[in-house]
1. If you take the residues in segment 170-201 that are of a type outside the set (S, T, N, Q) and more than 25 Å from GLY247 (Cα to Cα), which one is nearest to ligand 1 (Cβ to nearest atom)?
2. If you go through segment 88-108 one residue at a time, do you hit one that is of a type in the set (Phe, Trp, Tyr) and assigned to a loop (DSSP other than H, G, I, E, B)?
3. State which residue pairs qualify: first residue in a loop (DSSP other than H, G, I, E, B) and inside segment 280-300, second residue loosely packed, with under 14 Cβ neighbours inside 10 Å and modelled with pLDDT of 95 or more in any location, beta carbons under 6 Å apart, and separation of 6 or more residues or different chains.
4. Could you say which residue among HIS126, HIS112 is within 30 Å of GLN324 (Cα to Cα) and within 16 Å of ligand 1 (Cβ to nearest atom)?
5. Being hydroxyl-bearing (Ser, Thr, Tyr), in contact (Cβ under 8 Å) with a residue 24 or more places away in the chain and over 30 Å from GLU326 (Cα atoms): is that true of THR46 here?
6. Please count how many residues of segment 153-188 are hydrophobic (A, V, I, L, M, F, W, C), away from ligand 2 (no atom under 13 Å from the Cβ) and either assigned to a strand (DSSP E or B) or in contact with a helix residue (DSSP H, G or I) (Cβ under 6 Å, 6 or more places away or on another chain) (or both).
7. Sort out which residues of segment 117-152 are part of a helix (DSSP H, G or I), of a type in the set (Gly, Ala, Ser) and within 19 Å of the chain's Cα centre (by Cα), and write them in order of number.
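The values are calculated or read from the model by the stated rules, or taken from the named source; none is laboratory data. Quantities reported herein were computed from a predicted structural model and do not represent experimental measurements. So basically every Cβ, Gly included, is an ideal-geometry build from the backbone, and we count neighbours across all protein chains shown.
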Amino acid sequence: MPITNALTTTIERVSILDEHGNFDEKLGKGLIPDADLLKLYETMVTCRMMDEVAFKLQRSGRMGTYPQNMGQEANSLGAAYALNNDDWLVTCYRENCGLMWRGVPIDSILLHWMGDERGNAMPRPHHATPIAVPIGTQMLHATGLAWAAKYRGEKRISCTFFGDGATSEGDFHEACNFAANLDIPVIFFCQNNFWAISVPGRIQCSAPTVAQRGIAYGMPCLQVDGNDLFAVVYGMRKAIEHARTTGKPYFIEGVTYRLGDHTTADDARRYRDQAEVDAWKARDPITRLRTYMTKKGIWSDAKDAALREAAEASCMATIERCEQVEPPVRGDVFNYTFADLPADLVTQRETGHTHSLGQDPSQLPSASNAR
Ligand SMILES: Cc1ncc(C[n+]2csc(CCOP(=O)(O)OP(=O)(O)O)c2C)c(N)n1
Ligand SMILES: [Mg+2]
């Protein structure tokens, strides 16, 4: 028997507004009305400002570890813009911009990174799940949420975000397998920023694109320029239409770059070249949009300065509010898991120490904070 071809496939890549200011009129015309574009740009600038402020807060000891979103704003923003507000937005930790577009208060996000978990209890009406730090868990949650919506006959879909490194996790593959084989309308959105902390993408994924990982599960896949808001919106509209009309999943790879360290606990200078960072700085999604809007005559330096001033004031007000929130009580760690707290945990709650640690009474925190 002759050898036949079992599969030939291609992955399309979408770029509409490139870093040199070239705009593809055919794909981009009418995609985002000017009035929306201005609001989207404002959200990006405010998000970037918050990112810079959060970095400084951590450096001055007023915030715990924080993962900067700098450079990746267009991905989650474009997705949140294209989705309906009652579709599930299931994020990890580089999607502040999309959450802000959804209306999640910046207070919630900052409070969470200041170590107060109440910040991560996303206000219910926003259909956003808590920021997921364990790598990969949220893709399963998104699949479950979309499955539940399907079971109830709702038209709601979910869109989940994860990094390139997360596609090496078993959870990713289980979520894809489940969604593809049970026909569950989930959009899997990978933010490929080429690094998983200090592990470069090329030794984590030998395939030329991350998008093709979706092909293995029979999902349509698309790669978009993730620093181009227009391309992200274009790709998301395709994915949303597919998910809503067929009830099946879709895979998007947004090619982007994290301009900051992995988190404030990292120093990326130890493992990546400044030349690489500089090349990506020139592709910054915010600068690109600003140049485009200025050329179009709908933006100016004066408007930009005013926006930045307003964004800074709003970030400062947010921080002031967050720092005035009464800290949570230590006992909360114990209070919401067991109906009847086992005796040894009662002791821990009362004394703040376990059998194995902190036997030296001088190390014990005061029991007065335990409740
Ligand atoms: C289950 C789990 N394993 C390991 C970690 C430690 N960790 C935090 S971020 C990260 C890399 C994630 O890389 P990627 O998915 O590409 O996302 P990025 O940080 O680049 O946005 C790792 C290994 C974790 N948070 N959770
Ligand atoms: Mg990554």
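1. As a first pass, look at segment 170-201 and keep what is of a type outside the set (S, T, N, Q): 170-176, 178-180, 182-190, 194-197, 199-201.
This time we only want the ones that are more than 25 Å from GLY247 (Cα to Cα), so: 194-197, 199-201.
Working: PHE194: 8, TRP195: 5, ALA196: 3, ILE197: 5, VAL199: 7, PRO200: 10, GLY201: 8 Å.
The qualifying residue nearest to ligand 1 (Cβ to nearest atom) is ALA196.
2. Pass one, segment 88-108, residues of a type in the set (Phe, Trp, Tyr): 88, 93, 101.
From what's left, assigned to a loop (DSSP other than H, G, I, E, B): 93.
The answer is yes; a qualifying residue exists.
3. ILE298/ASP34
4. Numbers: HIS126 fails: within 16 Å of ligand 1 (Cβ to nearest atom).
So the residue among HIS126, HIS112 that is within 30 Å of GLN324 (Cα to Cα) and within 16 Å of ligand 1 (Cβ to nearest atom) is HIS112.
5. Working: hydroxyl-bearing (Ser, Thr, Tyr): yes; in contact (Cβ under 8 Å) with a residue 24 or more places away in the chain: yes; over 30 Å from GLU326 (Cα atoms): no.
Answer is no for this residue.
6. Filtering segment 153-188 for residues hydrophobic (A, V, I, L, M, F, W, C) gives 157, 159, 161-162, 166, 172, 175-176, 178-180, 182, 184, 186-188.
Then keep just the ones that are away from ligand 2 (no atom under 13 Å from the Cβ); that gives 157, 159, 175-176, 178-180, 182, 184, 186-188.
Now narrow it down to the ones that are either assigned to a strand (DSSP E or B) or in contact with a helix residue (DSSP H, G or I) (Cβ under 6 Å, 6 or more places away or on another chain) (or both): 157, 159, 175, 178-179, 184, 186-188.
So the count comes out to 9.
7. Taking segment 117-152 first, the residues part of a helix (DSSP H, G or I) are 117-120, 124-126, 137-151.
Now drop any that are not of a type in the set (Gly, Ala, Ser), which leaves 119, 142, 144, 146, 148-149.
If the condition is that a residue be part of a helix (DSSP H, G or I), of a type in the set (Gly, Ala, Ser) and within 19 Å of the chain's Cα centre (by Cα), then GLY119, ALA142, GLY144, ALA146 are the ones that fit.
Quick grid of which residues meet (1) of a type outside the set (Ser, Thr, Tyr); (2) modelled with pLDDT of 95 or more; (3) more than 21 Å from PHE172 (Cα to Cα); (4) crowded, with 24+ Cβ neighbours inside 10 Å:
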{"site": "THR209", "(1), (2), (3), (4)": "no, yes, no, no"}
{"site": "LYS238", "(1), (2), (3), (4)": "yes, yes, yes, no"}
{"site": "GLU241", "(1), (2), (3), (4)": "yes, yes, yes, no"}
{"site": "GLY254", "(1), (2), (3), (4)": "yes, yes, no, yes"}
